[in-house]
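Structure record follows, encoded as structure tokens.
The values are calculated or read from the model by the stated rules, or taken from the named source; none is laboratory data. The shown structure was predicted, so the numbers you read here are calculated from the model rather than taken from an experiment. Note that we place each Cβ from the backbone using ideal geometry, even for glycine, and neighbour counts take in every protein chain shown. Surface areas here come from the heavy atoms of the whole protein model, side chains and all, with no ligands, DNA or RNA. Shrake-Rupley method; radii C 1.70, N 1.55, O 1.52, S 1.80 Å.
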Amino acid sequence: MSVAAPHHFLSHGSGPSRTCRCDHSRAAAPWTGHAPGRCGTTKKEHFMECIDPAKDPSTFAAGFPTTSPTPVTSYQPVLIDVPGRPIPLAVRVSAPAVGSDLPVIVLSHGHGPSTFVSSFYGYGPMVNFWAAHGFVVIQPTHLDATFLGLREADDPDAPLYLKSRAEDLRRIVDHLDDIERTVPGLAGRLDAGRVAAVGHSAGGHTVGLISGQTITDTSDGSTVGIVDGRFGARVMIAAPGCGEDLNGPAAQPYVALTSTNFDGMTPKVLVVVGEKDWHPYFSDRQDWRSDPYTAAPAPKTRLEIFDAEHGLGGISTFDAAETTDENPDRVAAVRALIWAYLRSELYPEDPAWAQATAALAGSTAPIGRVESK
């Protein structure tokens, strides 16, 4: 275990205690249209007063019940030496500034086109929220991250590095003690017995591979995919569907995906899908991304987000050009619902998921629907 040039900063999850005296009309930009001191405040007071706590982009829960947010600390990189891996496994750790016996989320990023979003630099809207509400979030940078330049490498696991991705999640759990000791202020605060795996897109597929979903290794014909019992909760967001229904245009560059099979995915999983997350490049079937729910054995739960596309409103980063359905309220709802699911899975006595689904069902304009089998 080694650490190189860490970045350590504090972000506040709480809102202001007073009402800002500035002009927040459309004529005055709320962040830059008026200067500190104009309303008799210091710069710090001005900043805190100009935040609407009900819509804070890091802590807004779209009306779903959650705990009160706390400030968050983030630390990067923690480097884990892995034999045979071309570079060390780099992770970013975000945690509540206070608290102990903290549960852990290992978050697997997608395979998107941006240079840095698909790495531990992305997914701030989700990470900040979950850390502000009591989770330690550990984000690996997988080998398919664009900025690493390895997608075109002469490696049978390229360009998606599906085998390596799954191994990354397992290595993180192997090294939880080392990570805890390395991050300043984190020692003795983790609950290593409460670990969840969450992933988006290719990251959802990665979660599947530690949950019994399988693929065939194209290099030797072996089966890849196991159930890692150390993960007590699992969430697959916008993950690929059955390999047999992967279309030719996507099947050519992503051959490993063509063998994706859910028959052995026996653990309980929350499958999150967007109602409009469909592209003929991947499959002719518009419900293809629901396969982790429909094609896998029970027990499974599906959360369908109405009108959502692949980015579910922008969960991968703030203001991303690759988000085709920009909707901060949708992002807030998705992350709050996932938080509630994880709380109740890791703490069976916690009614968070029952309360969240009741709020969803009771809404006059629900953002989605839940079904289970």
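Sort through ALA321, ALA296 and tell me the only one that's open to solvent by 30 Å² or more (accessible area, probe 1.4 Å), of a type outside the set (Val, Ile, Thr), part of a loop (DSSP other than H, G, I, E, B) and on the phi < 0 side of the Ramachandran plot.
Numbers: ALA296 fails: open to solvent by 30 Å² or more (accessible area, probe 1.4 Å).
So the residue among ALA321, ALA296 that is open to solvent by 30 Å² or more (accessible area, probe 1.4 Å), of a type outside the set (Val, Ile, Thr), part of a loop (DSSP other than H, G, I, E, B) and on the phi < 0 side of the Ramachandran plot is ALA321.
Would you say PHE282 is over 21 Å from PRO366 (Cα atoms) and surrounded by 21 or more Cβ atoms within 10 Å (Cβ to Cβ)? It is true that PHE282 is over 21 Å from PRO366 (Cα atoms) and surrounded by 21 or more Cβ atoms within 10 Å (Cβ to Cβ).
Among all positions in segment 109-117, there is no residue which is at pLDDT 95 or above and closer than 20 Å to GLY185 by Cα.
Residues checked against (1) out of contact with any Ser or Thr (no Cβ under 8 Å at 6 or more places or on another chain); (2) closer than 18 Å to GLY134 by Cα; (3) small (Gly, Ala, Ser); (4) modelled with pLDDT of 95 or more:
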| position | (1), (2), (3), (4) |
| --- | --- |
| PHE147 | no, no, no, yes |
| ARG151 | yes, no, no, yes |
| ARG165 | no, no, no, yes |
| ASP168 | no, no, no, yes |
| ILE172 | yes, no, no, yes |
| ALA187 | yes, yes, yes, yes |
| ALA192 | yes, yes, yes, yes |
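When you check ASP178 against the structure, is it assigned to a loop (DSSP other than H, G, I, E, B), closer than 17 Å to LEU89 by Cα and either open to solvent by 10 Å² or more (accessible area, probe 1.4 Å) or of a type in the set (D, E, K, R) (or both), yes or no? In short, no.
With respect to SER14, determine if the residue is modelled with pLDDT under 50, among the hydroxyl-bearing types (Ser, Thr, Tyr), in a loop (DSSP other than H, G, I, E, B) and closer than 29 Å to ALA187 by Cα. The answer is yes for SER14.
Kindly indicate whether any position in segment 326-342 is among the aliphatic types (A, V, I, L, M), in a helix (DSSP H, G or I) and out of contact with any helix residue (DSSP H, G or I) (no Cβ under 9 Å at 6 or more places or on another chain).
Keep residues of segment 326-342 that are among the aliphatic types (A, V, I, L, M), which gives 331-334, 336-338, 340, 342.
Subset that is in a helix (DSSP H, G or I): 331-334, 336-338, 340, 342.
Cutting the leftovers down to out of contact with any helix residue (DSSP H, G or I) (no Cβ under 9 Å at 6 or more places or on another chain) gives us none.
Within segment 326-342, not a single residue is among the aliphatic types (A, V, I, L, M), in a helix (DSSP H, G or I) and out of contact with any helix residue (DSSP H, G or I) (no Cβ under 9 Å at 6 or more places or on another chain).
In the set GLY314, GLY229, only one residue is touching a helix residue (DSSP H, G or I) at 6+ places or on another chain (Cβ under 7 Å), assigned to a loop (DSSP other than H, G, I, E, B) and either buried (at least 24 other Cβ atoms within 10 Å of the Cβ) or not basic (Lys, Arg) (or both); that residue is GLY314.
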